[in-house]
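I have placed the structure first, in the form of structure tokens, so that the comments after it can refer back to it.
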Amino acid sequence: LARLSRELELPLLFHVSEPVGHDYPGKQGLPMADFYAFVKAHPDCTVIGAHWAGGLPLYGVMPELADELDNVWFDTAATTLLYDDAIYERVIETIGADRIVFASDFPLLNQKKQLERVRELKLDQSAVEGIVGGNAARLLGL
């Protein structure tokens, strides 16, 4: 998959689960540690970690992770079920806003309501514009 992703210049999306917190249907995704191992093994492959990659960008303050996460994008699927709104500020502080892409986890969560919630956050307007569509467009070359 990594080779095809590079050849076709398409990102891979992984359903990543956080290692802590409450159990819920669907939490049995790829463990964050396994996702990170894939990222390290394939630094030239662009990947998207669903559900904030299980919280991986919060480790972005670790010096060795700064470079290792250059090819990783983080989607916001199920944010309201897993994190409070501070996740946006924390991730922006650690890795920046330019690799956060909107996702709702539809049909579990209403897309329109999730978009409205992001737009209502007290974030820089350019960060919000990137998160709700601009970053994904750039990632996909649209």
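The values are calculated or read from the model by the stated rules, or taken from the named source; none is laboratory data. Keep in mind that what you see is a predicted model, and the values were worked out from it rather than measured. Note: areas computed on protein heavy atoms with side chains; ligands, DNA, RNA excluded. Shrake-Rupley method; radii C 1.70, N 1.55, O 1.52, S 1.80 Å.
Table for the structure above
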{"quantity": "Cα-Cα separations in region 45-142 greater than 18 Å, expressed as whole percent", "calculated": "41 percent"}
{"quantity": "Contact order relative to length of the chain, as percent, for alpha carbon pairs under 8 angstrom and 6 or more apart", "calculated": "19 percent"}
{"quantity": "The chain, accessible surface, carbon-and-sulfur percent (1.4 angstrom probe)", "calculated": "56 percent"}
{"quantity": "Heavy-atom accessible area order for H51, H22, H42, largest first, 1.4 Å probe", "calculated": "H22, H42, H51"}
{"quantity": "Translational D in µm²/s for region 89-142 (Stokes-Einstein at 10 °C, 1.306 mPa s, Kirkwood Rh from C-alpha pairs)", "calculated": "137 µm²/s"}
{"quantity": "Where the chain is the region considered: accessible area per residue in Å², 1.4 Å probe", "calculated": "56 Å²"}
{"quantity": "Radius of gyration, Dmax [region 1-82; alpha carbons; angstrom]", "calculated": "12.6, 38"}
